[in-house]
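Trainee: Pasting a structure below so you can have a look.
The values are calculated or read from the model by the stated rules, or taken from the named source; none is laboratory data. Note that the structure is a prediction, hence the values are computed from the model and not measured. Note: ideal-geometry Cβ built from the backbone for every residue, glycine included; neighbour counts use all protein chains shown.
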Amino acid sequence: MEESKIIDQLDAIFTEIRAYYEQMDKIREKILPLQRKTVRMCSEIIKQVHRHEHENIPSKIDQIKNHLSQMTSLISQAPGIFPKDYVQIVKQETGEAIIFYHIVVHHSLPTPKECNIELDDFAYACADVVGEIRRYILRCLREEDLTQASHLLEIMTELYNYLFTLDYPNGLIPGLRKKIDAARGILARTEADITLSLQMHRLHHDLNSA
């Protein structure tokens, strides 16, 4: 009799548990395609900036920000199930794409709120965008646009200087110090590339003026 009662209790409890996890799985299945779409669109935005194809970027930014809002809403329906960093990479990718677009095209810096991401995600995005700025600068050098290259180098330098002030334990900012160290190396190589290009440009000018 007691065994039968325990089985009935287990059956009722595990029916409830399965229903709970079924609901969580449905939420996860809704989040995954949003994650994939957002990461893909962020990559497209960065590629378009490099190609000077800016026309539909604002609409894509609106879409990815909307995707982030949807993911945040879905996660809020399952408190304690999805960790804080479940969509952190997506948010960092979003921040990187939006920051890169605004710096290169509008010569401005969007706020974390304008990117629809949190402060910590914004810091990681700033560290990641340094590499994309270097790629754009190298393109400027190939096109002999030294003015734009020098301007972007100044922005890259300021980004690194502010990132360097985030001197906190790795447990608080996991992986960020490594990204900042990488940014320092990227900055040094870019400075050397621009210095060499400026020297060659001056030499070419002097030879033509002789």
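Trainee: Just the residues that are in a helix (DSSP H, G or I) and among the aromatic types (F, W, Y), please, taken from the stretch 48-103.
Mentor: Of the residues in the stretch 48-103, the ones in a helix (DSSP H, G or I) are 48-50, 57-76, 84-103.
Y86, F100, Y101, listed by residue number.
Trainee: What are the residues in the stretch 42-59 that are among the hydroxyl-bearing types (S, T, Y) and within 16 Å of the chain's Cα centre (by Cα), if any? Write out each step before concluding.
Mentor: Restricting attention to the stretch 42-59, the residues satisfying the condition of being among the hydroxyl-bearing types (S, T, Y) are 43, 59.
Answer for the stretch 42-59, where residues must be among the hydroxyl-bearing types (S, T, Y) and within 16 Å of the chain's Cα centre (by Cα): just S43.
Trainee: Output the residue which, of all residues in the stretch 166-176 that are under 15 Å from C126 (Cβ atoms) and within 16 Å of the chain's Cα centre (by Cα), is surrounded by the fewest Cβ atoms within 10 Å (Cβ to Cβ).
Mentor: Of everything passing the filter in the stretch 166-176, G175 is surrounded by the fewest Cβ atoms within 10 Å (Cβ to Cβ).
Trainee: In the stretch 123-172, what residues are closer than 23 Å to P112 by Cβ, among the aliphatic types (A, V, I, L, M) and either touching an Asp or Glu at 6+ places or on another chain (Cβ under 7 Å) or in a loop (DSSP other than H, G, I, E, B) (or both)?
Mentor: Correct list: A125, V129, L166, L172.
Trainee: If I ask for residues that are part of a helix (DSSP H, G or I), among the aliphatic types (A, V, I, L, M) and under 26 Å from T72 (Cβ atoms), which ones from the stretch 104-122 would you list?
Mentor: Pass one, the stretch 104-122, residues part of a helix (DSSP H, G or I): 104-106, 112-115, 119-122.
Now narrow it down to the ones that are among the aliphatic types (A, V, I, L, M): 104-105, 119.
Of everything in the stretch 104-122, just one residue is part of a helix (DSSP H, G or I), among the aliphatic types (A, V, I, L, M) and under 26 Å from T72 (Cβ atoms), namely L119.
Trainee: List the number of the failed condition for V39; all other conditions in (1) under 12 Å from the mean Cα position of the chain (by Cα); (2) crowded, with 18+ Cβ neighbours inside 10 Å hold.
Mentor: (2)
Trainee: So, one more: Tell me yes or no: at least one residue of the stretch 4-21 is among the β-branched types (V, I, T) and more than 26 Å from S76 (Cα to Cα). Lay out the reasoning, then the answer.
Mentor: Residues of the stretch 4-21 among the β-branched types (V, I, T): 6-7, 13, 15, 17.
Still in the list and also more than 26 Å from S76 (Cα to Cα): 6-7.
Taking every residue of the stretch 4-21 in turn, at least one turns out to be among the β-branched types (V, I, T) and more than 26 Å from S76 (Cα to Cα).
Trainee: Going through the stretch 15-24 one residue at a time, which ones are modelled with pLDDT of 90 or more and either exposed (fewer than 10 other Cβ atoms within 10 Å of the Cβ) or closer than 21 Å to F82 by Cα (or both)?
Mentor: First, pick out the residues of the stretch 15-24 that are modelled with pLDDT of 90 or more: 15-19, 22.
Listed by number, the residues that qualify are E16, I17, R18, A19, E22.
Trainee: Would you call D206 at pLDDT 95 or above and in a helix (DSSP H, G or I)?
Mentor: On the way: at pLDDT 95 or above: no; in a helix (DSSP H, G or I): yes.
Here the answer is no, as D206 does not meet what is asked.
Trainee: Please state which one of K113, K84 is modelled with pLDDT of 95 or more and among the basic types (K, R). Give the steps one after another, and end with the answer.
Mentor: Details: K84 fails: modelled with pLDDT of 95 or more.
Checking each option against the conditions leaves just K113.
Trainee: Against the condition small (G, A, S), under 30 Å from E143 (Cα atoms) and surrounded by 12 or more Cβ atoms within 10 Å (Cβ to Cβ), how does S59 come out, does it pass?
Mentor: Numbers: small (G, A, S): yes; under 30 Å from E143 (Cα atoms): yes; surrounded by 12 or more Cβ atoms within 10 Å (Cβ to Cβ): no.
For S59, the condition - small (G, A, S), under 30 Å from E143 (Cα atoms) and surrounded by 12 or more Cβ atoms within 10 Å (Cβ to Cβ) - is not met.
Trainee: Sort through L159, L163, L138 and tell me the only one that's crowded, with 19+ Cβ neighbours inside 10 Å and within 29 Å of Q199 (Cα to Cα). Write out each step before concluding.
Mentor: Values: L163 fails: within 29 Å of Q199 (Cα to Cα); L138 fails: crowded, with 19+ Cβ neighbours inside 10 Å.
After ruling out the rest, the residue left standing is L159.
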